Amino acid sequence: MADPAAPPRPAPDPVDARFGSPLAEGLRTYRLVVAMWVRSTLTYRASFAMALCVAVAANGLDFVAILLMFSHVDRLGGFTLGEVAFLYGTSATAFGLAHLTVGSMDRLGRRIRDGSLDTLLVRPVPVLAQLAADRFALRRLGRITQGALVLAYALWVLDIEWSATRLLMIPMMLVSGAALFGALFVAGAVFQFYAQDAAEVQNAFTYGGTTLLQYPPTVFTRELVASVTFVLPLAFVNWVPASYVLDRPLPLGLPVQAAFAPPLVAAVCCVAAGLLWRVGLRAYRSTGS
């Protein structure tokens, strides 16, 4: 029997009882907000189809520029067209996945300036999940589609001696690369807590990063390759694992074991981005309006 003199136990928090762990709560919030925006987008199917086609065509112009280069040269930094297409396809597809899922993080600076971030703070669900799913744009599938088509072309023209590890390296590169770019989106959003007009600075690392990785590391200086390997580890999106798939020496003379490091690097970057997000959110003091 319960002791009548014992103090009553506090009632369970209704939010925790409903959503469970913070991670489950965040995922559920993200899924619900994304579903809302997807339903809104698919209400006008013809408009969505046109937007998707335009996105595929617009993103395809980047690869057209590469094709024009190869109309004058046989190799670029020692890489053939198929190998460059492989770099382009893996970078564009990984970035497209991150852009689709958390690309709305670059809107944080605008929300801070107009005070609308406060409306997210008063809701009993994680702010990060709300912001990542905000205005979920299904048309961003165009970038993924275009990147996947280029990757398929590269795999078709390249004469790769396939093995189980090389075959599994492809999905590993895409998932790990998407996680790395996603961490970069979140980290860039944190910077906007301190510099509200820094969306273009964030874009320089996200959009600029994927453009950088579309070209061989051999066309860049050793210092730049080292900075995106050991400081901002974007090289683990495709340069390092792609060298293993293409049977080329790894950048900077890295050991072959480094080709299998992208999942670990992505996990560390995601944890670091999550910790930075907590610090940035606690530093937020509203607009005062």
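The values are calculated or read from the model by the stated rules, or taken from the named source; none is laboratory data. Everything quoted here is computed from the prediction, not taken from an experiment. With ideal geometry, Cβ positions are generated from the backbone for all residues, glycine too; neighbour counts draw on all protein chains shown. These accessible areas exclude ligands, DNA and RNA; they are computed on the full protein's heavy atoms, side chains included. Shrake-Rupley method; radii C 1.70, N 1.55, O 1.52, S 1.80 Å.
Hey, how many Å between the Cα centroid of region 177-240 and the Cα centroid of region 57-100?
17
Have a look at 60, 147, 182 and tell me which one the Gaussian network model of the chain (Cα, springs below 10 Å) gives the largest fluctuation.
For the chain, modelled as a Gaussian network with Cα springs under 10 Å, the answer is 60.
Within region 25-133, which trypsin sites (Lys or Arg not before Pro) sit in a loop by DSSP and count at most 13 neighbouring Cβ atoms inside 10 Å?
Numbers: sites: 28, 31, 39, 45, 75, 107, 110, 111, 113; in loops: 75.
When the trypsin sites (Lys or Arg not before Pro) of region 25-133 are filtered for loop state and at most 13 Cβ neighbours within 10 Å, 75 remain.
With the other protein chains left in place, how much accessible area per residue, in square angstrom, belongs to region 43-283 at a 1.4 angstrom probe?
Accessible area per residue, region 43-283: 47 Å².
Taking the Cα atoms only, what angle lies between the long axis of helix 141-157 and the longest principal axis of the chain, rounded to 10 degrees?
The angle comes out at about 30 degrees.
How much of the accessible area of the chain, in percent, comes from carbon and sulfur atoms when a 1.4 Å probe is used?
Answer for the chain: carbon and sulfur cover 66 percent of the accessible area.
Under a crude label model (7 Å from the Cα following the beta-carbon direction), how far is residue 37 from residue 75 in nanometres?
Those two pseudo-labels are separated by 4.4 nm.
What is the helix-to-structure angle for 22-42, meaning the angle in degrees between its Cα long axis and the longest Cα principal axis of the chain, kept from 0 to 90 and rounded to the nearest 10?
For 22-42 against the chain, the angle is about 70 degrees.
Mind checking the angle between helix 81-102 and the chain's longest principal axis? C-alpha axes, 0 to 90 degrees, to the nearest 10.
Approximately 10 degrees, to the nearest 10.
Can you tell me, using C-alpha contacts under 8 Å and at least 6 residues apart, the relative contact order of region 43-283 as a whole percent?
Values: 306 pairs, mean separation 66.4, N = 241.
Computed value for region 43-283: 28 percent relative contact order.
Given the options 148, 258, 137, state which has the largest fluctuation in a GNM of the chain using a 10 Å cut-off (strictly under) for Cα springs.
Top of the fluctuation ranking is 258.
Dimensions of the chain along principal axes (Cα, Å, largest first)?
83, 47, 37
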